[in-house]
Amino acid sequence: MKLFLDTGDVREVKAAAEWGVLDGVTTNPSLIAKSGRGFRETVLEICECVPGGAISAELVATDYDAMLKEALEIHSWHEQIVVKVPMTENGVRLTRTLSDRGVRTNVTLVFSVNQALLAAKAGATFISNFVGRVDDIGGDGMQAVRETVEMVESYGFDSEVLVASIRHPMHVVESLRCGAHIATMPFKIFQQLFHHPLSEAGLKRFLDDWNAAGLEIFSKAKV
Ligand code: G3P
């Protein structure tokens, strides 16, 4: 499963890229606004931080002609960019147009398998199923993800299921369990993936025992 960072903060992207396990980045208008920097400069800097990685950058127009113009502009900025398109009638129409032109797309704000089906049929590269916002209102966000993975596999669509709006590491576990292709998450949650109390306790015990035995790797004696 590919791991993406969901952020507009270049500092977070740089830190995560150093771990050697980052496959891409998703942004959205709220995350870019939060960054306090310009859209194009932020997206381009993120591209440079993750060589070869898929970097999603979202258009903001809502009528088809303006959406197409924005999509082609964003696409022109860098070959790593994936144009993020909202799940609307014009968004699906645009996804079809962009797919036919070989432009990669990420259809976002997907909450049902019906919406995912439309995105897949339009040729979406990524389908962003949001889970946290469903959980936030007492639903089971992962249900639509499970149905979407089953749909994509059953009908042989090329679209990749991207689990978005992740709130905690268990969403990543559930994404793995249902065979989703990508999980995108905030930096804080990405960091949480590394940690387990038994790992930290085990490392402490190793180091305490090593030090108590007075052992060294770089021996001072020439042997
Ligand atoms: O960027 C898309 C998605 O991951 C955002 O989800 O609910 O954290 O705003 P959310």
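All of the numbers you see were taken from the coordinates with simple rules; none came from a lab. As the structure is a prediction and not an experimental result, all values here were calculated from the model. Glycine gets a Cβ as well: all are built from the backbone with ideal geometry, and neighbour counts include every protein chain shown.
Could you list all residues from region 144-159 that are buried (at least 19 other Cβ atoms within 10 Å of the Cβ) and assigned to a loop (DSSP other than H, G, I, E, B)?
Within region 144-159, 157, 159 qualify.
What residue, of 204, 220, is out of contact with any Phe, Trp or Tyr (no Cβ under 6 Å at 6 or more places or on another chain), away from the ligand (no atom under 14 Å from the Cβ) and not in a helix (DSSP H, G or I)?
Values: 204 fails: not in a helix (DSSP H, G or I).
So the residue among 204, 220 that is out of contact with any Phe, Trp or Tyr (no Cβ under 6 Å at 6 or more places or on another chain), away from the ligand (no atom under 14 Å from the Cβ) and not in a helix (DSSP H, G or I) is 220.
Taking residue 166 as the residue in question, decide whether it is part of a loop (DSSP other than H, G, I, E, B) and out of contact with any helix residue (DSSP H, G or I) (no Cβ under 8 Å at 6 or more places or on another chain).
Details: part of a loop (DSSP other than H, G, I, E, B): yes; out of contact with any helix residue (DSSP H, G or I) (no Cβ under 8 Å at 6 or more places or on another chain): no.
Judged against the criteria, residue 166 is not a match.
Yes or no: residue 191 within 23 Å of the chain's Cα centre (by Cα) and within 26 Å of residue 25 (Cβ to Cβ)?
Details: within 23 Å of the chain's Cα centre (by Cα): yes; within 26 Å of residue 25 (Cβ to Cβ): yes.
Here the answer is yes, as residue 191 does meet what is asked.
In the set 119, 180, which member is more than 10 Å from the ligand (Cβ to nearest atom) and either among the acidic types (Asp, Glu) or not in a loop (DSSP other than H, G, I, E, B) (or both)? Talk me through it step by step, then tell me what you get.
Values: 180 fails: either among the acidic types (Asp, Glu) or not in a loop (DSSP other than H, G, I, E, B) (or both).
Being more than 10 Å from the ligand (Cβ to nearest atom) and either among the acidic types (Asp, Glu) or not in a loop (DSSP other than H, G, I, E, B) (or both) holds for just one of 119, 180, which is 119.
How many of the residues in region 3-34 are away from the ligand (no atom under 13 Å from the Cβ) and part of a helix (DSSP H, G or I)?
Number of matching residues: 8.
How about region 36-46: which of its residues are within 15 Å of the ligand (Cβ to nearest atom) and surrounded by fewer than 19 Cβ atoms within 10 Å (Cβ to Cβ)? Spell out the reasoning first.
Residues of region 36-46 within 15 Å of the ligand (Cβ to nearest atom): 39, 42-43, 46.
Across region 36-46, the qualifying residue is only 39.
In region 183-201, which residue that is assigned to a helix (DSSP H, G or I) and either of a type in the set (Gly, Ala, Ser) or in contact (Cβ under 8 Å) with a residue 24 or more places away in the chain (or both) is farthest from residue 4 (Cα to Cα)? Step through it out loud before you land on a result.
So in region 183-201, the residues assigned to a helix (DSSP H, G or I) come out as 187-192, 197-201.
Still in the running and either of a type in the set (Gly, Ala, Ser) or in contact (Cβ under 8 Å) with a residue 24 or more places away in the chain (or both): 187, 190, 192, 199, 201.
On the way: 187: 10, 190: 9, 192: 14, 199: 24, 201: 29 Å.
This residue is 201.
Counting just the residues of region 47-58 that are aliphatic (A, V, I, L, M) and within 13 Å of the ligand (Cβ to nearest atom), which one comes out surrounded by the fewest Cβ atoms within 10 Å (Cβ to Cβ)?
So the residue we want is 55.
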